[in-house]
Amino acid sequence: MPELYSEILLDHYHLPRNKGELPGETLSVEGANPLCGDEITLHLKFEGDVLLNVTFTGKGCAISLASSSMLTEILMGKTITEIQEWIERFKEFIREGKAPDGVDLGDLAALAGIAKLPVRVKCATLPWSTMKEAISRYKGT
Amino acid sequence: MKSWEEIRQDFPILNVKINGKPLIYLDSAASSQKPVQVLQSYCGFCEQRYANVHRGIHTLGESATSDYEAARETVAKFVHAPTKDGLIFTRGTTESINLVARSYGHKFIKHGQAIVLTPMEHHANLIPWQLVAKAVGAELRFWPMQEDGTLDFEKGRKLLDNSVAMLCFTHISNVLGTVNPVREMIELAHQVGAKVLVDGAQAVPHMPVDLTELDADFYAFSGHKMLGPTGIGVLWGRPEVLNDMDPFLTGGEMIREVWLDHATWNEIPYKFEAGTPAIAEAVSMAAAARYLTEIGMERVHEHGRGLAKQAYARLSEIEDLTVYGPSEERGALATFNIEGIHPHDIAAILDGDGVAIRAGHHCAQPLMRWLGVAATARASFYIYNSESDIDVLVEAIRTTKKVLQHA
Ligand SMILES: Cc1ncc(COP(=O)(O)O)c(C=O)c1O
């Protein structure tokens, strides 16, 4: 079994956290990788600066689905500034293949192997770039 | 006669371990591996006989030119071309089709005429025609398919009327494995005065192709899918049609006389070979053609058909797995999906077992839409594959299902 398909990743894939619609959402944003056919929609409920709740719906490969599930766990309850920090951390992590100094990535660390698989990077990144888009849309409203 | 096991020994890459496992290479429809004979031909030529062609009046200029022209003759014979003068070396199928679209399409297809294609075309045989249609104001028509991924002959023939300028279609589908009735389709098109281009990228590597008998006006294929190197391919064109066409790329080699403000064209095939060609690649593509001829294309065809048939049957037995394309008479490949599992995950997990398959849209997005899927997984076979590779494939697919199918 390839390293990437670790127990942690498969756990998020089989038992996704926060998957489903979000009644009363503030906004939802769809992200897609047309080349893979991955389509992930993030549903977000904000109160002022705070992301009170986040869920996801959609379809995709195990990597994009697990990454989405992890994202919702990490960002739930965070402020916009914290979310932006996490987006930057995630980018660095995917580029370098290891956690930025002093950062505990939690389950996300299971995606470390993806740095060596350029073709799959965009699967892991999809929910995170969708989140970035969501923040800029929310701030723009 | 070389046994299949002896043939496998000719491919050094099969000794490479993938994730600690022996390589099971099932992605030849994307690109084939190379036997030592082809590699040695490339190196030997560069070590002993290399220079630019058609220019240098020196010994190496002569040897390179004669090897390059001998390569043209070998490849022309390999596909039984009526004459080697119509055999143009290009970078591959994609460039060959673009050449025809540009140099024939833009000049001879007129406003209000139609270009007939099929929904199973590789993007390489679709997008060039979309651009021609747009530029000249022609109509695109699509020959309908039946449920099983074969062309609907009765519906298709009705599309062919006097307004059709060109019929362009693939000999063998790189996704469905469908083998199209090329001879009959060409005949129908010629009856209404249309020209025909056949995309032979998946056919020439796997079956005997006789261009004299098929009577296509244009036929395109690539070296890298038939054991040869990348960067080389062929457009065969009927000489009288090629002569009437405008040049494609311009520059050195393709000219006869040049003045400051105009130029005249070289004779075919040189008129369509602007610049320094892929010389060593052409020479080793010919070595690939010789290698295949030595095995015998009938035998290569039988082998691929056998593996495809077996793969189709074995994969169809797996629960929740769909194999696409016709069950009988298929090219050397099997394209499939497993319910609820993304093809990229299938490919990634199979790779862990040393099994290389392709996953994605296979440069055929309209066909993916026709199938109602975003992507598919594809196992494709060639002369270095055996039945035991299918055993490994099936076993690896079972593992994938265990790991990824939700309970
Ligand atoms: C049916 C078909 N047509 C065209 C092509 C394009 O060939 P190339 O990439 O060598 O130009 C391919 C290869 O992917 C193919 O399978």
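The values are calculated or read from the model by the stated rules, or taken from the named source; none is laboratory data. Note that the structure is predicted; figures quoted are calculated from it, not measured. Using ideal geometry, Cβ is built from the backbone for each residue, glycine included, and neighbour counts are taken over all protein chains shown. Note: accessible area is taken over every heavy atom of the protein model, side chains too, but ligands, DNA and RNA are not part of it. Shrake-Rupley method; radii C 1.70, N 1.55, O 1.52, S 1.80 Å.
On the given criteria, is B:Met207 open to solvent by 10 Å² or more (accessible area, probe 1.4 Å) and assigned to a loop (DSSP other than H, G, I, E, B)?
Judged against the criteria, B:Met207 is a match.
Of the conditions (1) of a type in the set (A, V, I, L, M); (2) within 14 Å of chain A (Cβ to nearest Cβ); (3) away from the ligand (no atom under 13 Å from the Cβ), B:Ala30 fails just one. Which one is it?
Answer for B:Ala30: the failing condition is (3).
What are the residues in the range A:92-141 that are of a type in the set (D, E, K, R) and free of Cβ contacts under 8 Å to residues at least 60 places away in the same chain, if any? Write out each step before concluding.
Of the residues in the range A:92-141, the ones of a type in the set (D, E, K, R) are A:92, A:95-96, A:98, A:101, A:104, A:107, A:116, A:120, A:122, A:132-133, A:137, A:139.
Correct list: A:Glu92, A:Arg95, A:Glu96, A:Lys98, A:Asp101, A:Asp104, A:Lys116, A:Lys132, A:Lys139.
I'd like to check something: does the range B:134-154 contain any residue that is among the β-branched types (Val, Ile, Thr), more than 12 Å from the ligand (Cβ to nearest atom) and touching a His at 6+ places or on another chain (Cβ under 9 Å)?
Within the range B:134-154, one or more residues are among the β-branched types (Val, Ile, Thr), more than 12 Å from the ligand (Cβ to nearest atom) and touching a His at 6+ places or on another chain (Cβ under 9 Å).
Take the range B:365-396 and flag every residue that is touching a residue at least 60 places away in the same chain (Cβ under 8 Å), among the charged types (D, E, K, R) and open to solvent by 10 Å² or more (accessible area, probe 1.4 Å).
The answer is B:Glu387, and nothing else.
Please tell me if B:Thr399 is open to solvent by less than 10 Å² (accessible area, probe 1.4 Å) and either of a type in the set (Val, Ile, Thr) or modelled with pLDDT under 95 (or both).
Against the criterion (open to solvent by less than 10 Å² (accessible area, probe 1.4 Å) and either of a type in the set (Val, Ile, Thr) or modelled with pLDDT under 95 (or both)), B:Thr399 does not qualify.
Taking only the range A:27-82 into account, find how many residues are at negative phi, within 14 Å of chain B (Cβ to nearest Cβ), in contact with a Lys or Arg (Cβ under 9 Å, 6 or more places away or on another chain) and outside any strand (DSSP E or B).
Residues flagged as at negative phi, within 14 Å of chain B (Cβ to nearest Cβ), in contact with a Lys or Arg (Cβ under 9 Å, 6 or more places away or on another chain) and outside any strand (DSSP E or B) within the range A:27-82 amount to 8.
Closer than 15 Å to B:Asp27 by Cα, of a type in the set (Lys, Arg) and in the same structural domain as B:Lys21 (by TED's automatic domain parsing), is that true of B:Arg378? Step through it out loud before you land on a result.
Working: closer than 15 Å to B:Asp27 by Cα: yes; of a type in the set (Lys, Arg): yes; in the same structural domain as B:Lys21 (by TED's automatic domain parsing): yes.
Yes; evaluated as a whole, the condition is true for this residue.
Please specify each residue of the range A:109-141 satisfying the condition of being touching a Phe, Trp or Tyr at 6+ places or on another chain (Cβ under 7 Å) and among the hydrophobic types (A, V, I, L, M, F, W, C).
A:Trp128 - this is the single residue of the range A:109-141 that is touching a Phe, Trp or Tyr at 6+ places or on another chain (Cβ under 7 Å) and among the hydrophobic types (A, V, I, L, M, F, W, C).
Among (1) within 16 Å of the ligand (Cβ to nearest atom); (2) more than 29 Å from B:Leu126 (Cα to Cα); (3) among the aromatic types (Phe, Trp, Tyr), which single condition is B:Tyr50 missing?
(1)
Would you mind telling me which numbered condition in (1) under 30 Å from B:Ala348 (Cα atoms); (2) crowded, with 20+ Cβ neighbours inside 10 Å B:Ser41 fails?
B:Ser41 satisfies all of (1) under 30 Å from B:Ala348 (Cα atoms); (2) crowded, with 20+ Cβ neighbours inside 10 Å except (1).
What tally of residues in the range A:7-26 results from selecting those that are away from every other protein chain (no Cβ under 14 Å) and touching a residue at least 12 places away in the same chain (Cβ under 8 Å)?
8
Take the residues of the range B:360-391 that are more than 11 Å from B:Val175 (Cα to Cα) and within 14 Å of chain A (Cβ to nearest Cβ): which is nearest to the ligand (Cβ to nearest atom)?
It comes out as B:Pro366.
For residues that are modelled with pLDDT under 90, part of a helix (DSSP H, G or I) and open to solvent by 40 Å² or more (accessible area, probe 1.4 Å), tally how many sit in the range A:96-114.
1
For residues that are open to solvent by 10 Å² or more (accessible area, probe 1.4 Å) and more than 7 Å from the ligand (Cβ to nearest atom), scanning just the range B:92-109, find the one that is nearest to the other protein chains (Cβ to nearest Cβ).
B:Asn98
Do you know which residues across the range B:121-133 are more than 15 Å from the ligand (Cβ to nearest atom) and farther than 16 Å from B:Val164 by Cα?
B:Leu131 - this is the single residue of the range B:121-133 that is more than 15 Å from the ligand (Cβ to nearest atom) and farther than 16 Å from B:Val164 by Cα.
Taking the range B:144-187 as the region of interest, how many residues are out of contact with any Phe, Trp or Tyr (no Cβ under 8 Å at 6 or more places or on another chain) and surrounded by fewer than 20 Cβ atoms within 10 Å (Cβ to Cβ)?
Of the residues in that region, 13 qualify.
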